[in-house]
1. Do you know which of the residues in segment 17-63 that are of a type in the set (Lys, Arg) and surrounded by 13 or more Cβ atoms within 10 Å (Cβ to Cβ) is farthest from Lys5 (Cα to Cα)?
2. Can you name the helices (runs of 4 or more DSSP H) wholly within segment 1-73 that have at least 1 residues being acidic (Asp, Glu)?
3. Against the condition more than 15 Å from the chain's Cα centre (by Cα) and on the phi < 0 side of the Ramachandran plot, how does Ser10 come out, does it pass?
4. Looking at this structure, is Pro7 of a type outside the set (Phe, Trp, Tyr) and at pLDDT 85 or above?
5. Pairs under 9 Å by beta carbon, first residue over 14 Å from Glu42 (Cα atoms) in segment 1-19, partner of a type in the set (Ser, Thr, Tyr) and surrounded by 11 or more Cβ atoms within 10 Å (Cβ to Cβ), six or more apart or different chains?
Amino acid sequence: TFVFKGPWFSGMNMLITADPANVQHVFSSNFSNYDKGSEFKEIFDFLGEGIFTADSKLWEEMRKSALVMLSHQGFQSFSLKT
């Protein structure tokens with residue numbers, strides 16, 4: 001886990017982690033505590049309302065949809081072949 005100084009134009013610093021417990025905490029157990037905020041949305045507006053930019057309920061809905069697709073046997077078979 002470390003602090004990453006964001007691009008100069010963003011004025012954002014980010015906390016980066018690869019620790020599985022931290023990832024679970026942020027992206028699953030306590031997602032609502034980590035709102036991306038208005039600055040993030042403004043900077044990444046060009047990405048639209050997708051899973052990488054969504055917050056709260058919208059993110060939860062997109063995550064569930066993605067998990068259904070990723071856990072489908074057909075997708076997993078295709079992934080293993082490519």
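The values are calculated or read from the model by the stated rules, or taken from the named source; none is laboratory data. The shown structure was predicted, so the numbers you read here are calculated from the model rather than taken from an experiment. As a convention, Cβ positions derive from the backbone with ideal geometry for all residues, glycine included, and neighbour counts pool all protein chains shown.
1. So in segment 17-63, the residues of a type in the set (Lys, Arg) come out as 36, 41, 57, 63.
Those left that are additionally surrounded by 13 or more Cβ atoms within 10 Å (Cβ to Cβ): 36, 41, 63.
On the way: Lys36: 16, Lys41: 18, Arg63: 27 Å.
It comes out as Arg63.
2. Details: elements: 20-24, 37-43, 56-71.
In segment 1-73, 37-43, 56-71 are the helices (runs of 4 or more DSSP H) which contain 1 or more residues that are acidic (Asp, Glu).
3. Details: more than 15 Å from the chain's Cα centre (by Cα): yes; on the phi < 0 side of the Ramachandran plot: yes.
Yes; evaluated as a whole, the condition is true for this residue.
4. Considered against the rule, which asks whether it is of a type outside the set (Phe, Trp, Tyr) and at pLDDT 85 or above, Pro7 comes out as no.
5. These pairs meet every condition: Thr1/Thr17; Phe2/Thr17.
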